[in-house]
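Quick notes on the structure that follows.
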Amino acid sequence: MFLAGIFVLMTLHWFLFPGVKEGFFDDPGAYDALRGRLRKELADYCRISGFVREQVNEMQKGMGGGSSDISQMYTAVYQCTDQLASTRPSCSSPNITGMRFIPCSVFMDLPDWTDEQEVIRNLRKIKDDLPERLRRESEWFKGSIKKLQEGLAAGANPAAGSNPVGVAPTADQIKSAAEGFSGQCSAEATEYLRRKALEDEAKSCSPGAPVTAGSEVARVNALLDNPSVKNSVSQCNGMMAQMLKLQSDLEKLKNGSLYDWQKDGPKKAYTKFEGGDRTQAFIFSLQQNQ
């Protein structure tokens, strides 16, 4: 009779509380563990992402433009329409699915547990294309950091031919500098690609099993375990020292203390830009802000 009573109670519990699935509510720590994992493993990726965007906006503001549209900027990277595309291996096959920028807040700021539907809504923002997304972005970060390093190296000797700082850029030079990071796909075209990608996905997918918080936690953990994601994360971790050095050097450049020639004379001694590529124009814009 005792065993029969337990069976009846378990049956009633199953009917009364059908939302308790896969033991997830019995183990709420699974969601908290995932939040901690995301914050830890994607920390360097997010710092470098913010740094690169900051330099792009600094460049455009310093040359008389406004801040870049983040969505357009990343669309150009994914579709390989920016001028650094030729340096990236992933651009042998540009993304044409309408993949869009996802801010790091999606990974870093998952809310505390309140209810299953809120957990699902937030975890669904982490897309299954994370491996491709991180691969393309990490390659872009690497190329951007390299261009900044080259520009700063050239600035050490402004009299050696191509003067990277000092002179007011022409309209063509400003355009060239901006195009290095700006997208060439209109907002309308980007939206069309996004809708088309959803339509193509709908043709080949089926509703499948109901989505639960537990299944979403498992899905995102599997994405983080993906070898491509791990490789991209490792690359970003390896770029941190370079990024920190660049941050320091760029701040010194603005303060007029990076190069010996800056320290020897009055600030803003150079007033004309004698030509160069977009990176040199960028370095010039930073120098003008000191």
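The values are calculated or read from the model by the stated rules, or taken from the named source; none is laboratory data. These figures come from a predicted structure and were not determined experimentally. Neighbour counts are summed over all protein chains in view; Cβ atoms, including those assigned to glycine, are modelled from backbone coordinates with ideal geometry.
Descriptive notes on the structure:
- Boolean, Glu216 is acidic (Asp, Glu), farther than 30 Å from Gln149 by Cα, modelled with pLDDT of 60 or more and in contact with a helix residue (DSSP H, G or I) (Cβ under 7 Å, 6 or more places away or on another chain): yes
- Residue in segment 145-155 that is closer than 29 Å to Pro94 by Cβ and at pLDDT below 60 present: no
- Any chance Met99 is touching a Lys or Arg at 6+ places or on another chain (Cβ under 7 Å) and either assigned to a loop (DSSP other than H, G, I, E, B) or at pLDDT below 90 (or both): yes
- Residue in segment 197-211 that is modelled with pLDDT of 60 or more, among the small types (Gly, Ala, Ser) and over 23 Å from the mean Cα position of the chain (by Cα) present: yes
- Pairs with Cβ under 7 Å, 6+ apart, first in segment 99-114 and free of Cβ contacts under 8 Å to residues at least 12 places away in the same chain, second surrounded by 12 or more Cβ atoms within 10 Å (Cβ to Cβ): Pro111/Glu118; Pro111/Asn122
- Residue list for segment 102-116, restricted to those being in a loop (DSSP other than H, G, I, E, B) and modelled with pLDDT under 95: Pro111, Asp112, Trp113, Thr114, Asp115
- Helices (runs of 4 or more DSSP H) wholly inside segment 28-90 that include at least 3 residues being farther than 27 Å from Leu123 by Cβ and either at pLDDT below 90 or over 14 Å from the mean Cα position of the chain (by Cα) (or both): 43-62
- The numbered conditions (1) part of a helix (DSSP H, G or I); (2) farther than 21 Å from Asn237 by Cβ are all true for Arg135 except (2).
- Test: residue in segment 280-288 that is aliphatic (A, V, I, L, M), in a helix (DSSP H, G or I), surrounded by 13 or more Cβ atoms within 10 Å (Cβ to Cβ) and modelled with pLDDT of 85 or more: no
- Screening segment 121-160 for residues that are surrounded by fewer than 20 Cβ atoms within 10 Å (Cβ to Cβ) and among the polar types (S, T, N, Q) and picking the one that is farthest from Cys80 (Cα to Cα) gives Asn157.
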